[in-house]
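The values are calculated or read from the model by the stated rules, or taken from the named source; none is laboratory data. Remember, predicted model here, so these are calculated numbers, not experimental data. Counting neighbours? That spans all protein chains shown, and the Cβs are built from the backbone with ideal geometry, glycine included. The area values use the complete protein model at the heavy-atom level, side chains included, leaving out ligands, DNA and RNA. Shrake-Rupley method; radii C 1.70, N 1.55, O 1.52, S 1.80 Å.
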Amino acid sequence: MNDFIKNNAELNINKKYSTTFSEGARFLFEAQDENDKKNAFLCFLRGSEDGDIDCTYYLGMCYEYGFGCDIDLEEAVRVYKIAANEGYADAINNLGGCYLHGNGTEKDQAAAFECFSAAYELGSIKACCRMGICYQYGLGVEADGELAMYHYKEAAENNLDIACILLADGYEKGNFVQKSIAEAFKYYKLAAELGNSLAMLKVGEMLIEGKGIKRDVHEGFNFYTLAAKHGNASAKLKMAECLTDGIGTVKNHREATRIYNSLVSSEDVCDIALYKLGIAYLKGRGVDIDKKKAFDYFTLSAEKGHKDALFSLGECYFYGIGCEKNLSEAFGYYNSSAELGNSWGALAIGECFENGFGTNTDYVAAVKAYKKAADLDNIEGLYNIGRCIMEGIGSAAGYHNAQMFISRAANRNHTSATYLFGVLFDKMGSVTDAVNWYMKTILLDVNQIFPDYVSLERKNSMLKRDYLSKTKAKYKLGKLKLRINRSQRNCVEALNYIANSASIGYMPAQLQISKLVKLYGDVKLPQNHEFDESEEEISKSEISFAMNKLGNCYFSGVSGVFKKDEAAAVRCYKIASELGNTNAMYSYGWCLRHGRGTVENNTEAAKWLKLSADKGNANAAYSYGLCCEEGCVTGTKNRREALMYYKKAASAGHVEAGKRYMAIFEKEIR
């Protein structure tokens, strides 16, 4: 049934209507095409000319809404007046609506209120609700919130769906009544039961959010489904989002994408549907990944002013996703999204200004953009503006001003902000606070949740930064431990923090480990040691030597100092190998070969064993010979190469290599 009919045309089942009206009503309520609508109009016109007041009222609605005829608001007013003069309550109510909005007549709110009052006196529930609207907003009468709620409640108790919604809105917001989410839910649900799709949507949202009422995501999804069946486009969108995230139903990306496709022609939600399709093609949700299609859908949505699509388009241009990389274009789209209130757009603008991406470097503008992101409650904005103030970027350096922003991000478990908060206290001389925040950084999981529109490239960059912050925190904490006291226990803890940071790849920590090895010949931290912050040059070979020693400490464990940690050992061996340490190459290759501290990888193992063997390591030559003999290098056994490396190892005194060489040699002779 047409929404106009549903909301404005009702038949009284206890009233006997004329044959002409009944025929017109049948055409009206069962209209299949424009011809049926025209027939309804003609029936009402004929009946009105014969003095049928019901036909006159419905004729007025036809003129007002263009049902079976062209819209003619002045004619609608004229016809309503005829029915109103006969005391027809609904006609008086509709005439009031024309006065209220200035449709077909001069706008006259006072006359509108008089009409609603008169229709209400005659029993019109719709007029009762409209009186509530007039009282709430002071339309043609002095504003009176309590009277507004009184009329809404009366109309709601007479099962008028729109009155239920208005009353529920009052309870939800605490407008003129005591705030009560339970009462709000009760009246939204009543409106939903009366067939109002907007109320069905609202009930679904409240059930899924569970704010003030018991959360029930399955029932919430059911209400979305019900509203969608009534043609509510927003409900269809919510259904698709639930299917995407598995809220209240089983995840079904294919069905969600089908729904988004069905909504691209919907005027109300087409911008969102196009954006969601862009996300689907970008992430491969229900469709094959197609970055060019994702870019195209973001473009279509952005053209309609969707702020998240504008940001996504900026990401595409910034990282070259589905298009040529273009930083100035990216800057423009980030800016547009920020102007519409996208906090990540404001953040990206700040990064562009700070680093000169797509625009001139402007630190003051960067801080302003970060501040906007922070004001929109973007945790990255809070972190970055705090960082800038702390470092004096685009603003006078000030620890106390920086603390205000950094603390807000740190208290929400932002890893890098938590680390920076430790640095802040460290610089301010508050050692205990610094230790606590460094420790919290180390214990935090790096699990920041990002909106869909943030690109994978940006996420990875931020996650990499956060992991580095954890590594830095270990190094800083290790050094602070000795400032607290120089007990043997603190020295061991300090050494472990610094060593772990070094094993993860933090260069300052690797330099300190190298200096310890250079001074004391081993990885140890005496109680009288003073950390050397000088610019003393440490060679690559010294770092690789120290990292190999550290790897050995982790691999075997050192009583009272290092717990056995083969994964940490492998990290150290890898660092030392890449810096050219022959022994580390052997150890790293051996671990890869046997799956110790890492996933077994024979191809990679053979590469490092051969490199070490070619540099003269006998153990590596023997192990590489085994790889060749067993065929784990190329997948094919190679006894000739095995013999060559066994011989090389045996020549250096490797007994087992000599035995293997002789065994193969004898087989070859036979």
Rounded accessible area of Arg408 (nearest 10 Å², 1.4 Å probe)
100 Å²
Largest first and rounded to whole Å, the semi-axes √(5λ) derived from the alpha carbon gyration tensor of region 201-272 read 20, 14, 9
What's the angle, to the nearest 10 degrees (0 to 90), between helix 125-137's Cα axis and the longest principal axis of the chain?
60 degrees
Selected from Phe223, His253, Val264, residue furthest toward positive end of dipole (region 218-268; charges at beta carbon)
His253
When the Kirkwood radius is taken over all Cα pairs of region 563-670, what Stokes-Einstein diffusion coefficient follows at 10 °C and 1.306 mPa s, in µm²/s?
115 µm²/s
Okay, helix-only estimate at 222 nm for the chain: each DSSP H run of n ≥ 4 adds -39500 (n - 2.57), divide by all residues, round to 500 deg cm²/dmol; what do you get?
-22500 deg cm²/dmol
Jot down the per residue volume, in cubic angstrom and as a whole number, of the convex hull over the alpha-carbon atoms of the chain.
243 Å³
What nm value, rounded to one decimal, do you get for the distance between Arg215 and His400 when each label is placed 7 Å out toward the C-beta?
4.1 nm
How do Ser262, Ser197, Ser577 stack up against each other in accessible area, from largest to smallest, with a 1.4 angstrom probe?
Ser262, Ser197, Ser577
Which FRET efficiency value, to the nearest 0.05, is calculated for Asn103 and Glu49 with the Förster distance at 30 angstrom and r the Cβ-Cβ distance?
0.80
Please identify every one of the trypsin sites (Lys or Arg not before Pro) in region 12-79 that sits in a loop by DSSP and has no more than 12 other beta carbons within 10 Å of its own beta carbon.
Lys15, Lys16
Filter Lys427/Lys518; Lys607/Lys648; Lys563/Lys615; Lys481/Lys518 down to the pairs with a C-alpha to C-alpha distance above 27 Å, please.
Lys427/Lys518; Lys563/Lys615
Pulled fully out, how much extra length does the chain show between Thr636 and Thr361, if you take 0.36 nm times their separation in residues and subtract their Cα-Cα distance?
93.3 nm
Whole-number accessible area per residue in Å² for the chain, which is evaluated in the context of all protein chains at 1.4 Å:
48 Å²
Could you grab the relative contact order for region 600-642? Cα pairs under 8 Å, six or more apart, rounded to a whole percent.
33 percent
Quick calc, Arg78 & Glu391: beta-carbon distance into FRET formula, R0 60 Å, rounding 0.05, result 0.20
Need the C-alpha centroid separation for region 192-265 versus region 467-542, integer Å.
56 Å
Region 253-258 - phi-based ³J(HN,Hα) in whole Hz, Karplus 6.51/-1.76/1.60, Gly and Pro as x
5, 5, 5, 4, 5, 4
At 7 Å along the Cα-to-beta-carbon direction for both Lys186 and Val655, put a label point, then send me their distance in nm to one decimal.
9.1 nm
In degrees from 0 to 90, rounded to the nearest 10, what is the angle of the helix 540-556 Cα long axis to the longest principal axis of the chain?
80 degrees
Rounded to one decimal in nm, the spacing of the 7 Å Cα→Cβ label points at Asp532 and Lys251 is 5.3 nm
Between region 355-428 and region 139-160, what is the separation of their alpha carbon centroids in Å?
50 Å
Just in region 60-103: which GluC sites (Glu not before Pro) are loop by DSSP and have at most 13 other Cβ atoms within 10 Å?
Glu86
For region 416-427, Karplus-derived ³J(HN,Hα) couplings (6.51, -1.76, 1.60; θ = phi - 60°; whole Hz; x for glycine and proline) come out as 5, 5, 4, 4, 5, 5, x, 4, 4, 5, 4, 5
Give me the Å³ per residue figure for the convex hull around the C-alpha atoms of region 193-239.
59 Å³
Tail fraction, Cα-Cα pairs, region 54-155, threshold 16 Å, whole percent:
53 percent
Please compute the Cα-Cα pair-distance distribution of region 303-409 with 5 Å bins starting at 0, giving whole percents from short to long.
3, 16, 22, 22, 17, 11, 6, 2, 1
Compute the long axis of helix 488-504 from its Cα atoms, compare it with the longest principal axis of the Cα atoms of the chain, and write down the angle in degrees, 0 to 90, nearest 10.
70 degrees
So if we plug the beta-carbon distance of Thr603 and Lys459 into 1/(1 + (r/R0)^6) with R0 = 25 Å, what FRET efficiency do we get, rounded to 0.05?
0.25
State to the nearest 20 debye the size of the charge dipole of the chain about its Cα centre, where the only charges are +1 on K and R beta carbons and -1 on D and E beta carbons.
5400 debye
Ordered by number, the GluC sites (Glu not before Pro) in region 126-211 that occupy a DSSP loop and have at most 10 other Cβ atoms within 10 Å are Glu142
